[in-house]
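Nothing in this text is a laboratory measurement; each read-out follows from the coordinates by a stated rule. Quick caveat: nothing in here was measured; it's all calculated off a predicted structure. Note: ideal-geometry Cβ built from the backbone for every residue, glycine included; neighbour counts use all protein chains shown.
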Amino acid sequence: MKAQRVIRLSFGLLVALAVGACGGLPTATGSAPPPAPSRSPDTSVDPSGGSTIDPPPSPSTPASNRVPVGQAPIDPSTPTACFGLETGDCLRARGLAAAVLTAADPRVVYVQVGPFGCPIGGGCPNTLLARPAGDVTLEFGVGEPITVHLELGAGVKATRSEASGILVAPSSAPSPGGGPFEFSLGHCGLFSGIDFDGAWWDPVGPVAAEHSDSINAAKGTITVADLGRATFRSDGGLIVQLVRRDGPKFLPMCD
């Protein structure tokens, strides 16, 4: 039985932490998220992480009433994939997941936000308001990754557990040049991993999580932009930006 740790905190305060963790990060249009307007404490909270955000505790707030955060927020430059959420809410979810980190945790080197599925089966906007539950996987520079399951409603429930999977070394041969090169995803799509040119390549940025090619075997091509960046295009129209990683990759269990 894997150990779990559940954190329950007010939604507004967690979103405030999320915004702090994501401050200065570009949105989909390349600009920083606008600052939240000031408001009285009894104003309702927008579950999408929009403009109505509870302010952080003032310096006069007793330490016992403050939210415990074990380490600094995740570095804004950490490669992050957004499965099923637009950029702004993806970063908010990443910030909410970071609240479970402790001082004993190693540095986070890769984040997979999502999938955040549509509870009505399809057609939902890619927002936390429409998709209030999902997983955030945090990979560390050393040690096993963790999964943080987020449930947003009247408050936020963040459940930490060990990620289920296996650490695998790359096995592909070098592929000199920029391509495009023919490449086929495994039977679990992107979750089978992309082993190319002697290295694993991680999805980053928005990913169309509900595209069938993202979770199934699919043929396509990889074009290398430089030594560290590439683009996968499936024959079915899925386009995913990739960054190269050094060393092994933790692959989830896939039936």
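For the stretch 200-216, just list the computed ³J(HN,Hα) in residue order, Karplus coefficients 6.51, -1.76 and 1.60, θ = phi - 60°, integers in Hz, with x standing in for Gly and Pro.
For the stretch 200-216, the Karplus-derived couplings read 7, 10, 9, x, 9, x, x, 10, 6, 4, 8, 6, 4, 6, 6, 10, 9 Hz, x marking Gly and Pro.
What is the packing order of peptides 239-248, 175-184, 77-86, taking the mean over residues of other C-beta atoms within 10 Å and listing the highest first?
Going from most to least packed, we get 77-86, 239-248, 175-184.
What is the packing order of peptides 99-106, 112-119, taking the mean over residues of other C-beta atoms within 10 Å and listing the highest first?
Ranking, from highest mean packing down: 112-119, 99-106.
In units of 2.2 N^0.38 Å, what is the alpha-carbon radius of gyration of the stretch 186-226?
Normalised Cα radius of gyration, the stretch 186-226: 1.17.
Enumerate the calculated ³J(HN,Hα) couplings along the stretch 241-246 in order (Karplus 6.51 cos²θ - 1.76 cosθ + 1.60, θ = phi - 60°), each rounded to whole Hz, writing x wherever the residue is Gly or Pro.
Karplus-based 3J(HN,Hα) across the stretch 241-246 equals 7, 10, 10, 6, 10, 8 Hz.
By per-residue mean of other Cβ atoms within 10 Å, what is the highest-first order of 218-227, 185-194?
Details: 218-227: 15.6, 185-194: 19.7.
With the highest mean Cβ count within 10 Å placed first, the list reads 185-194, 218-227.
Once phi is turned into ³J(HN,Hα) by the Karplus curve 6.51 cos²θ - 1.76 cosθ + 1.60 with θ = phi - 60°, what whole-Hz value does each residue of the stretch 183-198 show in order, with x for glycine and proline?
Taking θ as phi minus 60°, the curve returns 8, 10, 6, x, 5, 9, x, 4, 6, 7, x, 10, 9, 8, 6, x Hz for the stretch 183-198.
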